[in-house]
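Just so you know, all these numbers are worked out from the coordinates, no wet-lab data involved. These numbers come from a predicted model, not from an experiment.
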Amino acid sequence: MFGRHDKQSPREQHELEVDAMLERDILAVKAAVDTYLDSPGPDCRRDLVAALRRLDHQIALGDAYHNRFVGVSNVGLLPRSSAVGATSNHSVSQEVRSSEFRAQVAMVRAAKSVVASPSPGSLASLHEAREALDALRDLAT
């Protein structure tokens, strides 16, 4: 399913509804990654860790919201917001291309790897993930 979307032009790709707060936190991680990769010192690492913690908190809120409905969908109780990362029935969402969202997830995972276990390999993976995300964004413009 995902491979099919990768061959489509950016305008034809499937778009996901993503909670606006989740997307904001992902963009904050992206900014922290950019800064860290430009100057991988302790201050920039600390900022990256803080951005990842805020993102993890937002993800936990979304998980808690959706977990309230696990096992009760058979009685008609479903979350009103189907946006990825929604935290309430009234979450504001925005459309994000599925390929971009997957690239964002890969970048976040690579950033977590660098923070947890810094090595030349994890740093190279983070560079690659950022470049892949940047390339997707360049295609969209």
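Residues whose amide H lies under 5 Å from that of LEU16, counting only those 5 or more places away or on a different chain, are VAL96, ARG97, SER98; hydrogens are built 1.01 Å from N in the peptide plane.
Computed from phi, the 3J(HN,Hα) profile of segment 54-60 under the Karplus parametrisation 6.51, -1.76, 1.60 (θ = phi - 60°) reads 4, 5, 4, 4, 5, 4, 4 Hz, with x in place of Gly and Pro. Under the shape rule built on the C-alpha gyration tensor, where the axes satisfy a ≥ b ≥ c, segment 15-140 is prolate, since a/c reaches at least 1.5 and a/b is greater than b/c. In order along segment 88-99, phi translates into HN-Hα couplings of 7, 5, 10, 4, 8, 10, 9, 8, 10, 4, 4, 5 Hz, rounded to whole numbers, per the Karplus curve 6.51 cos²θ - 1.76 cosθ + 1.60 with θ = phi - 60° and x for Gly and Pro.
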